[in-house]
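The values are calculated or read from the model by the stated rules, or taken from the named source; none is laboratory data. None of these values were measured; they are calculated from a predicted model. Heads up, the Cβs are rebuilt from the backbone with ideal geometry, glycines too, and the neighbour counts pull from every protein chain shown. For the accessible areas, the whole protein counts, side chains as well, though only heavy atoms, and no ligand, DNA or RNA atoms are used. Shrake-Rupley method; radii C 1.70, N 1.55, O 1.52, S 1.80 Å.
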Amino acid sequence: MNKKMIPFLLSMLAIACGDGKQAAGQKHVSDYVDPFIGATTVGYEAGKTFPGAATPFGMVQVSPNTVTGGDNGNGYSYEHPTIEGFAMTQMSGVGWFGDLGNFLTIPTTGDLKVVAGKAEQPEDGYRSRYDKASETASAGYYSVLLSDYGVRVEATAAPRAGMLRFTWPESKTSRIQIDLARRVAGASAWQTVRIVDDHTIAGRMECTPNEGGWGNGGGKALYTVYYYAQFSLPLKNTGVWSADIPDGQTRRLDDVSSDAYRQIVARAGIHRNVKEYEGEHLGFFTEFETAAGEQVLMKTGISFVDEEGARKNLEADIPHWDFDKVREQARALWDRELGRITVAGGTEAQRTIFYTALYHTMIDPRMFSDVDGRYVGGDRKIHTTGSFHKRTVFSGWDVFRSQTPLLTIIAPEVVNDLVNSLVTLAHESGEGYLERWEFLNAYSGCMLGNPAISLIADAYAKGIRGFDTQAAWEAVEATCERFGNGTKGHSGSISSTLEHAYTEWCTAELARRLGKTSEQEKYLQRSQSYRNVWDSVEMRWFRPRTDEGLFAPLPAKGRLQHDYGCAESNPYQQGWFVPHDIDGMAELMGGRIAAVADLDSLFANTPADFRWNDYYNHSNEPVHHIPFLYNRLGEPWKTQRWSRFICENAYKTGVNGLIGNEDVGQMSAWYVLAASGIHPVCPGETRFELTSPLFDRIAWHLPNGKTFVVNAAGNSPENVYIQSAKLNGQPYNRCYIDYADIVNGGTLDLVMGHTPNTGIK
């Protein structure tokens, strides 16, 4: 037997037994996860992930916050030397200032301090330096030693609750304090706290755009986090600090991080042993005496509905005080979900990158409904789900390209939930249309295009249909009419016109499948509107139009001009986005040969380290489908070469392992699919492009109980080209595979070599 196959076969045995982990003596699948990959906000490698504890698609993320200001949506950066506290909610991989970071908890000793203080002067506040060597993280667990207080903090999570364990030094005045006002990129507007019994507090934190948050207020985030927190020690010496916020004092990012605001908070009144309190800037603390090595625990359930929901969530998820049991349960959840794909071959580092990437694709869309099915709808009223879980955080412009197509294979139930969540939001809110970047019911308006249409068309095409199709169609059509290219035939910019043309095609495809013939014809015609921003005379490329319909003046750098009619890209990068009509796109470019030559030039000018650049800029989403265009243009061996090259050079271990923002799972989903040998070009159709798998063997353990296996015989860093293929034992001469062939189970056998095979089309 090939020795490289032994770990794979052992993992198969474990999966077959239903425990989602390796056999005795072998690694758990979750052991390959390194939550520090991407956990930085510095430079072009700013993945902006968080290292704390979470569960797959869970409501709660218990993670350290090193900073609550700046364009640091994850609240943490590996280089920062101090920690403000440990919050119960976080965002993963986002820019635009971020949000959440609610219920910020910090263990302290000595004198009470009610402001966080500055990173460069932590002694002025409650924040603490920490021992970097002590910092550890794994799937569902985080631990660190706070140097200034001598307290070790451990965090773990359940789907709707979290748990912290503090190991104390000997101290006459040990304290757990919770800053209820803190929030990433701002503050909460109003907070309440009440002592329920000798071990429990409950309350809420109301967050509005006026106090910053998502987009520093521009994201229109409007939500309330309710909490129900219990302590293992009795609440004997408690208190509340309450700052008197002057009338007219704004509390967005720049305000709450200013010296003037810190001085306001520093003058907060201290109210001891009160049973209930509310205000604009509150904190709660409980004090006790500790012996060296004594452990105190705190567990917290949260809800976006009410305190009762938070209580039920805590009692359902963590009804006991066994921290290690919660940690093991979190690990088991990750083993189960990560075990949906098992790989053999590759290096230890590549397996770490792969499973960490898969882990990052499973943070969002997170649970939004409580354990009893209740959720707050777009109308701000309480609803109860029926056959789905309400989910939130849809980074549409990013994730429609790779993450949601990946989930259609390994977690179709999550895709179904997400479709239901977006469609119900459209109707409950009264807006009637689908939001492109949804955040806790907010219509943030972030980014562009109509990615939710892509999501719905893709789901329906793949048989994921557990939603009200008429309601979905109404929302799709309303969205397309409101934001598409319409009868005007373009949207001005290159990015908007091309992306709208694509989702107009998606709308036509959905209409076709629903038997809506006239609508199909209308939107199919509109899907050709990408041609209306093609300049065949001067630029000979896509070019934005003015409000008057004229082409915009030519820029100095031509099609390499960043932001020239493009979102976070240039025309050279964005211009390849005609996934629904690649033949038509190639025709405009002078035919397939000319298009391929231009693609060759794009990659030839791309730096090998993939730093932000004007060519194939993998750091951002508009180019993510481009390597797979070679399959459509008749030279699939170049897809094999470049997708493998990107996998091997753009993704690494360590904190700088991502070359751009994680973007809520998209950057990692690209890697998971490409490293597995498949990736879509056009979500909304069921075709996946075949490419060079990074591993010798990839097994997809599907929710329907079937298994799809990709074998790559002779695979090596040099043998990146597919020489021949068999599907279920029969010769296979195509460079793509259908979704049905994957989810029906089977085996795709590839033979790899070091020279291109130009015969597979």
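Odds and ends about this structure:
- For the chain: relative contact order, % (alpha-carbon pairs under 8 angstrom, 6 or more apart): 12 percent
- Per-residue HN-Hα couplings for the range 572-589 [Karplus 6.51, -1.76, 1.60; θ = phi - 60°; Hz; x = Gly/Pro]: 4, 6, 6, x, 7, 8, 9, x, 8, 8, 5, 4, x, 4, 5, 4, 4, 7
- For the range 82-155, the list of GluC sites (Glu not before Pro) that fall in a loop by DSSP and count at most 16 other C-beta atoms within 10 angstrom reads Glu120.
- Here is the P(r) of the range 163-248: all C-alpha pair distances, binned every 5 Å from 0, give 3, 11, 20, 19, 17, 13, 9, 5, 2, 0 in whole percents.
- Tail beyond 22 Å, pair distance distribution of the range 268-415 (Cα, percent): 62 percent
- Net charge dipole, the range 45-138: roughly 160 debye, given to the nearest 20, about the Cα centre with Cβ charges of +1 for Lys and Arg and -1 for Asp and Glu.
- In the range 91-188, Cα pairs under 8 Å separated by at least six residues give a relative contact order of 32 percent.
- Ranked by the mean number of other Cβ atoms within 10 Å of their residues, highest first, the peptides 571-580, 649-658, 741-750 come out as 571-580, 649-658, 741-750.
- Only one residue of Val115, Phe103, Gly140 has its Cα farthest out toward the positive end of the dipole of the range 60-166, where Lys and Arg carry +1 and Asp and Glu -1 on Cβ, and that residue is Gly140.
- Calculated P(r) tail over 14 Å for the range 542-626, as whole % of Cα pairs: 66 percent
- The mean accessible area for residues of the chain, using a 1.4 Å probe and ignoring ligands and nucleic acids, is 33 Å² per residue.
- Spread over its residues, the convex hull of the C-alpha atoms of the range 672-761 is 91 Å³ per residue.
- Take every Cα pair under 8 Å whose residues are at least 6 apart in sequence, average their separation, divide by the length of the range 505-632, and the relative contact order is 16 percent.
- Simple point charges give the picture: +1 on the Cβ of Lys and Arg, -1 on the Cβ of Asp and Glu, and for the range 441-520 a dipole about the Cα centre of about 120 debye.
- For the range 599-737, the calculated P(r) over all alpha carbon pairs, in 10 Å bins from 0 to the bin holding the longest distance, is 11, 42, 36, 11, 1 percent.
- Ligands, DNA and RNA left out, the accessible area of the range 523-575 computed with a 1.4 Å probe is 50% carbon and sulfur.
- Projecting the Cα atoms of Phe400, Ala442, Phe354 onto the charge dipole of the range 350-468, computed from C-beta unit charges around the Cα centre, puts Phe354 farthest toward the positive end.
- Simple point charges give the picture: +1 on the Cβ of Lys and Arg, -1 on the Cβ of Asp and Glu, and for the chain a dipole about the Cα centre of about 1380 debye.
- Leading residue at positive end of dipole, the chain (Cβ point charges), from Val720, Ala229, Leu550: Val720
- For the range 331-434, alpha-carbon Rg and Dmax in angstrom: 16.1, 52
- To put it simply, the accessible area of the range 577-697 at a 1.4 Å probe is 47 percent carbon and sulfur.
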